[in-house]
Structure formats: structure tokens, C-alpha cells
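The values are calculated or read from the model by the stated rules, or taken from the named source; none is laboratory data. A quick note: this is a predicted structure, and the numbers were derived from the prediction, not measured. Here the Cβ is made from the backbone with ideal geometry for all residues, glycine too, and neighbour counts use every protein chain on show.
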Amino acid sequence: MLAVNALNHFYGGSHTLWDVNLNVPPGSRMCLMGRNGMGKTTLLKCIMGLQPVRSGSITFQGSELAGSPAERRARLGIGYVPQGREIFPHLTVAENLRVGLGLRPGGPRKIPDRIFELFPMLARMLKRRGGDLSGGQQQQLAIGRALVLEPSLLILDEPTEGIQPNIVHEIGDVVLKLNQEERLTVLLVEQKLPFARRVASEFCILNKGRRVAAGPIGELSDEVVNAHLSV
Amino acid sequence: MFRPGRPLLLHDRAGTWFLAVLALVALVVPLLNQVLSASSPLHMSQYGVTLIGKYLCYGMLALAIDLIWGYCGILSLGHAAFFAIGGYAMGMYLMREIGPRGVYGNPVLPDFMVFLNWKSLPWFWYGFNHFLFAMAMVVAVPALLAWIFGWFAFRSRVTGVYFSIITQALTYALMLAFFRNNMGFGGNNGFTDFKDILGFDLHSDGTHVVLLVLTAIALAGSYLACLAIVESRAGRVIRAIRDAESRSRFLGYPVESFKLWLFVFSAVIAGIAGALYVPQIGIINPSEFAPINSIEAVIWVAVGGRGTLYGATAGAVLVNYGKTYLTGAFPEVWLYVLGALFVLVTLLLPRGIAGLIPARIKEAKRTAGGTPKMDRADIKAEAIGSNESPS
Amino acid sequence: MLRDKRLYLEDLTVSFDGSKALNGLTLYVEPGELLCVIGPNGAGKTTMMDVITGKTRPDYGTAWFGSDIDLLKLSEAEIVAAGIARKFQRPTVFEQLTVFENLEMASAGCRSFLKTLRARLTAAEKERIEEVLEIIGLSGHRWALGRVLAHGQKQWLEIGMLLMQNPELLLVDEPVAGMTPAEIERTAELLLSLEGEHSIVVVEHDMSFVRSIARRVVVLHEGRVIADGDMDKVQRDPRVIEVYLGV
């Protein structure tokens, strides 16, 4: 579904991603892991076209993404939930959800009911301003907003950061449901082990901008964890 | 390039050539005018002498702009205002020198004041019958204006585009003020019909030749003064301010003070240039304050190459030569040419014509690009401890 | 046993928009010590540095430099003059000046326009610049323009510029981000060579780098110190493991 090959990225002179490879098979739930500053968010931004790549390729269902404008991702069916949610604070919940409606591939211009089935809370808050929601509610709104596009790949950057535990659990449930029932491929960045182990089917660890370990989630042993993720 | 201990003038071969050419002009042109007879094909008429004198004055203005723009990143789109103020100060002296030889024959009041029925000389004209006083004003008034304007602008941390816009506003406001007939500066007619300067007839070839030589000396002197500034430690600080202002501030440098000093010095050079311009041209009026003049001056610097000093001067001479030719041969075309020149220079020649000099091409190649030239192997060798100087 | 410490941070609390960036942070730094501060995103590392340098004022708590300088009463410029130098993550050397000129810019000494106009490089200044060039390993590159330096070299130059002010305390923010392995090694050597003469606080995420330079590691989480000791001790601390891994 998504294949990243030999990707190199620089912030000015600082070499942040070194020949990174990542393969997200269709229907999988890939978890990108690694400590802070190791390149996870940068990699996602490169995939989403928010950061220019120096060299390497990013292919999504056969189309080359590197070098194309960021807007293309939404049209191709990639939904993105950025770190920190970034919902539109001055728009209502309903307006936030409606933002992506114009891009739905030929479908009706109506917010899919599915989103309210997954997040019933949102239905109750349609007229509430995005900025007035709690962190957990904003996270649900951000995911809902991405789902409006009916994407085939959903990318989530640290969806549980700063969220209360019960909503973390709900988010995990939603991700699993979408993947199992609708075959939605998921790429998420996550640092918390329990969530990763529960939700992901594969893992890939970045350390200092390089890929250092990868495999099915079952292989995420304590040894690997100690080597690359803990202090 | 800074190396401690190297003599100032040898820094830049192009700069030395510039001074040599200037000296040549100052020697040859007077000869062509004074020594050769009028019938000789190489004879330089008074018109020609005046034209070259005018170019050199513009060259000084360009120098003043390059000092603050090329080296400190301060883009003043109103610098012709200081040029004009210097010109007006000189003009006031020349008007008073006319004395009773004016149309109305009033020994004290210039013609335009008599025409307006003024009974006495306004207070700000006092003293302008003394040459030294007038020259002091040529320096002091632009300096004062620059100081006040700069103090407010720099202290408020107005920079970049916003600063440029308010300099345009400054020159425009001055133009409107000087156009007013009751301001006491001759209104829309300005000052003209000058008779002599320090007793020398302003219509004689000899006077024009001397003025030309004086202008050349002033230009050379300004160039050397600017060079001394930019090659000093203060000059390096100024360049640092241009490139990374907050970093300079963070290092403890009083950024506003540096900018202010530079801005005032630049205004003084422009003022002196204006003062030398007026006796040669024979007229000064408020259109010298027109915003377009300042913009043209900036184009001269851009075409010539900013950040080189001599490039700016060369640009001024070249563009004005082109203007003289085109407004004579194809007058409608000039404005298009000016605009096209600006666009072309911005797109294709960011370093101006001076950037085409071989030494500078070499320097640009050596320092170009955002990606470091060294590859990983070099860096590894570096880290292990080999200390080789770059080529 | 009372000893004069270089830095005393006690009970620092800073709130931004309702959330606490620092929540009762207490930390002491010894003279000549090199310590590393680590912690997840939002732990308060940058805010702590901001308080030390005077960029942010805490709502509560004290910050003393040595036993007699109250940092909370000084302006940012005064704190720099008092001997605290900070290096930010992205190198900000002067690209159009040479390495030598960059160091000259940073040298202690007069800053007025008129004085710098007439300034000549004194023998003492030249010596100091040579000294620093040697420490940062750029002696062979003194005439290279800032912009042609490799990323690592720019970082070292910037450290060099800080050293020109003879600071007693160096605050260094993520110095090795984006560096090649060789550069990282060289940076570790550089920082270790400064230990003893200067107190150094390094914020980093690269754990192998941290291990190579720090005898003492301090872990911040949610605005306070949760662990403080050598690398092995901190690695095994269950609170640290929970904070980094969620287990």
C-alpha cells in the first residue's frame, strides 16, 4: 500500500532521515516507533508532503508521492491525523467534519453516519466550537475529520499523547475496528508500548533517523525495546 | 576578504581599477575641454563635462545606498531626499550669491520671494550668504533628518519592507512640502538662474571643469571612507547584522546604534553629492524629491552590484548613460527599459554586473550553495584529526 | 557538607495557558560538572533553560547562579554578561563571515560603533581566538566562510563562539541532532574537554551520545525531576521506564 525507499531528509545541514525504508502492506496496522527527535514525525511529514525530501521515493498504491504537492495525498485517499490534533479551533465540530467533504470520491456530500457510530460523542456536539473541546474529544474529532475522506490509509501521529486513559482505550478500539471491519490500512506513530502492542500488527523502529528494527509486533521483544526505545 | 595586516587598497583589484579610472577621468576630461580647441573632434563641450559631473554625483548617491543596503541590508527607498536636501542647501547659497543681479534687482531677497511679495528674508535663510555656513548645512541637515528618522525607525525595530515603505513616505512628504509656494524654497520652480559660486562664473568652462574634478575627489574620498568602514571590525558587525540581526543582538551588539551611525553617514554622503550636483546642473526643484528618483537610484545599485561599492557607482554611471542616450534617441522607450532592467537584474543577475567579474565568479562558486561541499568521507577524515586548509 | 554550587534551581513552577510547563523543579549543578538532561516531549527541558537565561520568568521558585547572583532579577543580557551561555539546536553562525571573523565577533570586548571602527586585533584577542580554534578543531578552517562549513562544524563553531565569552555555565540544546556518527564522536570529545573548566548542561535525545559523555543524567517529566544519577541507575529506574515506554 505504502512503500518508502531510501528516503533522505535534511533540515538545512542537519541530516535527519538516513536512507529510510518502510513498507506498509495493505490491511496492516504499522506502528512507527522511536524516541523523541529520532525522525518519526519528520518521516510522516515527508510522506504527507509537508517536508521536502532530498532523495528517495514514496509510493502509494503505485503512484509516486515524493515531489508532488501535499494536497494530492487527500485525493489519493490518505487520511492524516497530525500530532497535537490540529483541528480548526474556530470552526464547529460539524464544520470541521465537513471540510473534507469536497474530496470524497464521487460520494454524497454528507457526513457519513459511520463516523457518528464510531464516535457518538461527536453527534452530541455538532454545534460546539472545536477549540472548546477537551483533548480527548479533539482527538476523536481529528480522526473523524480524516475518516470523512473515506481513506484507504489512515496515518496517526501520536494519537494518545496527552489524552486521558479511557479515551486512549476507545481510540485503540476504533483503530482495530476500522482495520478489521473495513480493511483500513493504518500507519501510526506511538511511543507507549502497551498501546502499540495491543493495536499494531507490525512495528518499525527509527533511531537517529535510521531504521534499526522492524517486523511483526510479536517480535517486539524486551531486548529490542531496551536496545532502541528505553533510555 | 579580511586578512589581518593586508593593506586596505589591495583587498580588491576591481576597487583599485575603479579608483584608477576615476583618476583618469578627472585628468583627461578637463584636458579635453580646456586644452583642445572647440573645433577638435575630441573636444569635450561644457555639456559633456557637466554630464560626466552629473554621473559622478549619482555615483556618490549610489555609493551611499550601497553602504547601507549592500552591507547592512537597510533598503532606503527615499535616499534621493538627502541628495535633494544637500542640493537645496547649496542652492540657497547660490541664490543669495545672485544678490542684486536678479530680475527684480533686490540685493537680499531672491526673485521668487519678491514675486510672492515677501518683505524680508525668512529666518532659515540667514547665514546662507556665507559659503562655509552653507556647506555646514549641506552636511548637518541631511544628518539631522537621518538621525531623527532613523532613531524612531530603528528603535521601533522597523525593518525590511516596512522600513522601505516609510522612506518612500518621507521623500514623498518632503516633495509635497517643497512644492508649496509659501514654504520659502521657491515652490514648484525651485532655484535657478545661478550666477556664480565663490565668485567663479557658473557659465564658464573652467568652473565646470573644477567642479568635475572636485566631484571626482569627493567620490574617491567617499569610496575610501566607505571602504574603511566596511573593512573594519565595525563593518563585519554590520554584515553580521545584515545576515542575522537577532544573533548579533544576542552577542551584545547595540544593533540600533550601528544602523543609526551608518544611516546618518550615508545621508551625509548623499547630501554632499546633491550639493555638488546643483552648481553643475544649474537648477534644483522639488521633483528631485520625487519617489521615483530614489527608486531609480536603487536600480542603479542593483544593476551595478550591491555590496561592492564600486559596482554601485559603475551601475549609476552605466544606467544614467543609457538613460541619457535613450531619452534622446527613443524617449518613450526609457521607462520600459528601466522596468525591464530591474526585472532582469533581479531574476538573472542578483549580484549585478559586478558579479560578472572573474574574481567574483570564482568567489561565488567557492562559497555557493546550501549543501556543504564535503561528503561523508571528508567529514570522517576531519573527525580523525587531519587539519587541512581549504583550497 | 555545604559546597558552593554553580547553579541552584529550587521549586521552579511555570504555567502556560493553564498547564504547568515546570512543576516544582529542583536541580543543582556543581562547578565544572557535565550533566545531561533527558525527558520526553513536554517534560520542561526547554522551559527550564528559558528560566535560567531569563527568557521566561517562573511563577514560583528561585534560581541562583553561584551563591550571590539572583537570576530572576536580571535581564537576558545581564545573565549573559554574568557568565551563562546558551547554544540553541539549530546552528546560527554568521554565514557570510569566516570562521575567524565569527569568533572575533563573539570575543569579549567593546561593542560600540566608534570603538569597533578603530579596533585592531590585539595580540591577546588573536591568541584567544587561536586557542578556541584549537579546542573546537577548526584551526585549519579559519578562513572558510560560515556557509561552507558542514553541519557539525557549524555546531562546533557556535560552541566556540560561546567559549569566547568565557562562560562559567554552558547550556547546550540537542547538539548532535542530524550529525554523522563521526561528528557525534567529535562533539562528545569536545564537550568532555570542556568539563572541569566550565559547567555544562546538555539536553539530548540520543542515548548513546548521552552515555558517552555524562557521568550524571537527570530525567525530567511533566516539569519536575524524576530521576538523577549515572546512566545505569537512570536506565533501570522504573519511573523512567514508565515515562518513556508507558509500561
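Computed quantities for the displayed model
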quantity: Condition met for residue C:14 (farther than 25 Å from residue C:211 by Cβ and touching a helix residue (DSSP H, G or I) at 6+ places or on another chain (Cβ under 6 Å)); calculated: yes
quantity: Of all residues in segment C:36-70 being surrounded by fewer than 16 Cβ atoms within 10 Å (Cβ to Cβ) and among the basic types (Lys, Arg), the one that is farthest from residue C:191 (Cα to Cα); calculated: C:57
quantity: Hey, residue A:131 of a type outside the set (Lys, Arg), in a helix (DSSP H, G or I), touching a residue at least 12 places away in the same chain (Cβ under 8 Å) and surrounded by fewer than 16 Cβ atoms within 10 Å (Cβ to Cβ) or not; calculated: yes
quantity: Filter result (under 29 Å from residue C:174 (Cβ atoms), free of Cβ contacts under 8 Å to residues at least 24 places away in the same chain and under 16 Å from the mean Cα position of the chain (by Cα)) within segment A:36-76; calculated: A:45, A:50, A:70
quantity: Filter result for residue A:131 (at negative phi, within 14 Å of another protein chain (Cβ to nearest Cβ), in contact with a His (Cβ under 8 Å, 6 or more places away or on another chain) and small (Gly, Ala, Ser)); calculated: yes
quantity: Hey, residue A:4 outside any strand (DSSP E or B) and crowded, with 19+ Cβ neighbours inside 10 Å or not; calculated: no
quantity: Some residue of segment C:32-51 being farther than 20 Å from residue C:194 by Cα, touching a helix residue (DSSP H, G or I) at 6+ places or on another chain (Cβ under 9 Å) and more than 12 Å from every other protein chain (Cβ to nearest Cβ); calculated: yes
quantity: Residue in segment B:299-343 that is farthest from residue B:59 (Cα to Cα), counting only those that are part of a helix (DSSP H, G or I) and of a type in the set (S, T, N, Q); calculated: B:327
quantity: Selected residue (only one of B:354, B:297, B:302 is among the small types (Gly, Ala, Ser), at pLDDT below 90 and under 20 Å from the mean Cα position of the chain (by Cα)); calculated: B:354
quantity: Matching residues, segment C:112-148, being in contact with a helix residue (DSSP H, G or I) (Cβ under 9 Å, 6 or more places away or on another chain) and polar (S, T, N, Q); calculated: C:112, C:116, C:139
quantity: Residues located in segment C:1-31, provided they are closer than 11 Å to residue C:225 by Cβ and either within 13 Å of another protein chain (Cβ to nearest Cβ) or aromatic (Phe, Trp, Tyr) (or both); calculated: C:28
quantity: Residue within segment C:186-207 that is within 17 Å of the chain's Cα centre (by Cα), without any contact (Cβ under 8 Å) to a residue 12 or more places away in the chain and either buried (at least 20 other Cβ atoms within 10 Å of the Cβ) or outside any loop (DSSP other than H, G, I, E, B) (or both) present; calculated: yes
quantity: Given (1) under 20 Å from residue B:72 (Cα atoms); (2) at pLDDT 90 or above; (3) assigned to a loop (DSSP other than H, G, I, E, B), index of the condition residue B:157 fails; calculated: (2)
quantity: Per-region count, segment C:107-130, residues under 22 Å from residue C:171 (Cβ atoms) and not in a loop (DSSP other than H, G, I, E, B); calculated: 1
quantity: Segment B:127-141 residues that are touching a residue at least 60 places away in the same chain (Cβ under 8 Å) and farther than 11 Å from residue B:97 by Cα, paired with ones that are in a helix (DSSP H, G or I) and of a type in the set (Val, Ile, Thr) (beta carbon under 8 Å, 6 or more apart); calculated: B:138/B:272; B:139/B:268; B:139/B:272; B:141/B:85
quantity: Any pair with Cβ under 8 angstrom, 6 or more apart, that starts in segment B:321-339 at a residue that is of a type outside the set (A, V, I, L, M, F, W, C) and ends at one that is in a helix (DSSP H, G or I); calculated: B:321/B:55; B:322/B:337; B:323/B:334; B:323/B:338; B:324/B:51; B:327/B:334
quantity: Residue within segment A:146-162 that is under 27 Å from residue C:41 (Cβ atoms) and surrounded by fewer than 17 Cβ atoms within 10 Å (Cβ to Cβ) present; calculated: yes
quantity: Qualifying residues in segment B:5-27 (those that are assigned to a helix (DSSP H, G or I) and farther than 23 Å from residue B:353 by Cβ) - the one modelled with the lowest pLDDT; calculated: B:8
quantity: In segment B:252-279, the residues that are away from every other protein chain (no Cβ under 14 Å) and either under 16 Å from the mean Cα position of the chain (by Cα) or within 14 Å of residue B:78 (Cα to Cα) (or both); calculated: B:267, B:268, B:269, B:270, B:271, B:272, B:273, B:274, B:275, B:276, B:277, B:278
quantity: Positions within segment A:1-35 being in contact (Cβ under 8 Å) with a residue 40 or more places away in the chain and either closer than 23 Å to residue C:149 by Cβ or of a type in the set (S, T, N, Q) (or both), in sequence order; calculated: A:5, A:8, A:9, A:10, A:15, A:16, A:17, A:18, A:21, A:28
quantity: Residue count, segment B:272-298 (criterion: surrounded by fewer than 20 Cβ atoms within 10 Å (Cβ to Cβ), part of a helix (DSSP H, G or I) and aliphatic (A, V, I, L, M)); calculated: 3
quantity: Selection from segment B:233-271 of residues that are free of Cβ contacts under 8 Å to residues at least 12 places away in the same chain, farther than 22 Å from residue B:143 by Cα and not in a helix (DSSP H, G or I); calculated: B:244, B:251, B:252
quantity: Index of the failed condition, residue A:204 passing every other in (1) within 14 Å of chain C (Cβ to nearest Cβ); (2) within 30 Å of residue C:233 (Cα to Cα); (3) hydrophobic (A, V, I, L, M, F, W, C); calculated: (1)
quantity: Test: residue in segment C:149-170 that is outside any helix (DSSP H, G or I), within 14 Å of chain A (Cβ to nearest Cβ) and surrounded by fewer than 24 Cβ atoms within 10 Å (Cβ to Cβ); calculated: yes
quantity: Residues being outside any loop (DSSP other than H, G, I, E, B) and in contact with a Gly (Cβ under 7 Å, 6 or more places away or on another chain) - total across segment B:104-123; calculated: 2
quantity: Residue list for segment B:169-194, restricted to those being surrounded by 15 or more Cβ atoms within 10 Å (Cβ to Cβ) and without any contact (Cβ under 8 Å) to a residue 60 or more places away in the chain; calculated: none
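Yes/no matrix, rows are residues, columns are (1) within 8 Å of chain B (Cβ to nearest Cβ); (2) of a type in the set (Val, Ile, Thr); (3) within 17 Å of residue B:240 (Cα to Cα):
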position: C:79; (1), (2), (3): no, yes, no
position: C:103; (1), (2), (3): no, no, yes
position: C:118; (1), (2), (3): yes, no, no
position: C:124; (1), (2), (3): no, no, no
position: C:138; (1), (2), (3): no, no, no
position: C:144; (1), (2), (3): yes, no, yes
